[in-house]
Amino acid sequence: MDGDVATIGVLVYDGVQSLDVTGPMDVFAVANARAGGRAPVYAPCTIGRDARPVRTEGHVTIVPDTTLVDAPPLDTLVIPGGAGSRVVNGDVALLDWIRTCAAGARRVVSVCTGLYILAATGLVDGRRVTTHWAHAADVQARHPQLRVEADHLFLHDGRFHTSGGLTAGLDLALSLVEDDHGAAVALAVARELVMYMKRPGNQAQFSAPLDAQTRGSGRLRTLVDWLVDHLASPSAWR
């Protein structure tokens, strides 16, 4: 992308997971300051079914920037997850709007259980997709035409992009920034957001260090913490 401002529309609805909304939006906002020019490269906005404020799963109130009727043409549509996704995935008017919007968008993204909504549109039938590991089997059972792969942080299949749970949405957003503006910009954004690392999409949703911390004794957890902190320090291994 050279010189164009990409409008990123993030759908919001009652019961949406706030991190699924704000995480990707923060990635794109920070990328505006790290992409090398003074002009923004992304224009993120929230889109509600109407103008009424929505209440997130974490009890945060979001006032949509625009509505389904008034939303501008989008470069990228982001469909976040949350408990409410299993309610609005039956909203026929919303699903029709997503189909229409997707027809003109360069990219369509679902974060976490936003896949319940995206799957209901039929747009990803036959495609490789992922979602939060705890919901993967349920999504697959409801939509057997999908190829749900729960062992990925995120997946790209054509212009459709899906992520695992919650913080995996940050990783997916970073990968989109990298596609648009290169690895250096994506790494600069990750540093700005103090992310532990920029993770690849084929990494499992279960963190090996976290699993070791969960299963181990207090002494083992201390050892795991020390190993993670000192892997890059040659002097620690002398």
Taking the stretch 114-128 as the search range and keeping residues that are touching a residue at least 24 places away in the same chain (Cβ under 8 Å) and over 25 Å from Arg49 (Cα atoms), which one is farthest from the chain's Cα centre (by Cα)? Arg127
Filtered residue count, the stretch 149-178, keeping only those that are crowded, with 19+ Cβ neighbours inside 10 Å and outside any loop (DSSP other than H, G, I, E, B): 15
Reported set for the stretch 67-113 where residues are more than 29 Å from Ala137 (Cα to Cα), acidic (Asp, Glu) and surrounded by fewer than 18 Cβ atoms within 10 Å (Cβ to Cβ) is Asp70
Across the stretch 1-54, which residue is modelled with the highest pLDDT among those that are surrounded by fewer than 17 Cβ atoms within 10 Å (Cβ to Cβ) and of a type in the set (Lys, Arg)? Arg52
Taking the conditions exactly as written (surrounded by fewer than 24 Cβ atoms within 10 Å (Cβ to Cβ) and closer than 19 Å to Met25 by Cα), does Ala120 satisfy them or not? no
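In this structure, is Val78 assigned to a strand (DSSP E or B) and in the same structural domain as Val16 (by TED's automatic domain parsing)?
Details: assigned to a strand (DSSP E or B): yes; in the same structural domain as Val16 (by TED's automatic domain parsing): yes.
The answer is yes for Val78.
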Quickly run through the stretch 40-73 and pick out the residues that are within 20 Å of Ala173 (Cβ to Cβ), in a loop (DSSP other than H, G, I, E, B) and small (Gly, Ala, Ser). Gly58, Ala71
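The values are calculated or read from the model by the stated rules, or taken from the named source; none is laboratory data. These numbers come from a predicted model, not from an experiment. In this analysis, Cβ positions are derived from the backbone assuming ideal geometry, glycine residues included, and neighbour counts consider all displayed protein chains.
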